[in-house]
1. Residue check: is residue 96 hydroxyl-bearing (Ser, Thr, Tyr) and surrounded by fewer than 21 Cβ atoms within 10 Å (Cβ to Cβ)?
2. Hey, among the residues in segment 126-151 that are acidic (Asp, Glu) and either in a loop (DSSP other than H, G, I, E, B) or in contact with a Ser or Thr (Cβ under 8 Å, 6 or more places away or on another chain) (or both), which one's surrounded by the fewest Cβ atoms within 10 Å (Cβ to Cβ)?
3. Which of the residues that make up segment 39-71 are modelled with pLDDT of 95 or more, surrounded by fewer than 17 Cβ atoms within 10 Å (Cβ to Cβ) and outside any loop (DSSP other than H, G, I, E, B)?
4. Looking at this structure, is residue 101 among the basic types (Lys, Arg) and touching a Ser or Thr at 6+ places or on another chain (Cβ under 7 Å)?
5. Examine segment 74-90 for a residue that is under 19 Å from residue 155 (Cβ atoms), polar (S, T, N, Q), outside any loop (DSSP other than H, G, I, E, B) and more than 10 Å from the chain's Cα centre (by Cα), and state whether such a residue exists.
Amino acid sequence: MNIKCRFFSLILSLLLWAIIPMTALVGLASTALALEYNKEILIEADFSGRDLTDSSFTKANLRQSNFSGANLRGVSFFAANLESANLTGADLTNATLDSARLIKANLTNAVLEGAFAASARFDGAIIDGADFTDALLRRDEQVKLCKLAKGTNPVTGRDTRDTLYCP
């Protein structure tokens with residue numbers, strides 16, 4: 001009986017040594033996907049089609065970068081320079097765009113649902129078919145965007161003017 005107990009104890013011990021590290025690795029896998037590009041100079045970088053969920057580009061220079069078709073859910077672009085960036089068809093749901101420069105950025109068919117874009121600048125941006133549902137914008141930027149707003153977002157089916165509450 002003593003031998004059986006030792007055998008089962010040994011098997012159980014080996015299993016625990018294998019299971020605990022595996023569980024820890026699986027638990028870290030989801031957070032390892034978020035990347036940090038804070039304060040990086042990434043002019044003309046190509047992030048098209050990538051899943052960058054919850055990544056951070058705080059104060060990064062992303063001028064003329066390509067984010068077309070990228071999953072940018074929850075991404076922080078706080079104070080980032082996105083001048084002339086291609087964000088066509090990008091999913092910016094719940095992204096932080098506060099103090100970001102989106103001057104001449106292409107946001108055609110982008111989804112900005114729930115985005116925090118207070119103090120963001122959109123001068124000359126292309127917003128055809130963009131969805132701004134529940135996005136937090138400064139009133140003067142909203143008025144500027146309403147002058148450009150047209151189209152319907154192909155993913156959400158929402159009219160750009162409606163999502164901006166244009167008159």
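1. No.
2. 134
3. Those that are modelled with pLDDT of 95 or more, surrounded by fewer than 17 Cβ atoms within 10 Å (Cβ to Cβ) and outside any loop (DSSP other than H, G, I, E, B): 46, 51.
4. no
5. Scanning segment 74-90 turns up at least one residue that is under 19 Å from residue 155 (Cβ atoms), polar (S, T, N, Q), outside any loop (DSSP other than H, G, I, E, B) and more than 10 Å from the chain's Cα centre (by Cα).
The values are calculated or read from the model by the stated rules, or taken from the named source; none is laboratory data. Computed from a predicted structure; not experimentally measured. All Cβ positions, glycine included, derive from the backbone under ideal geometry; neighbour counts span all protein chains shown.
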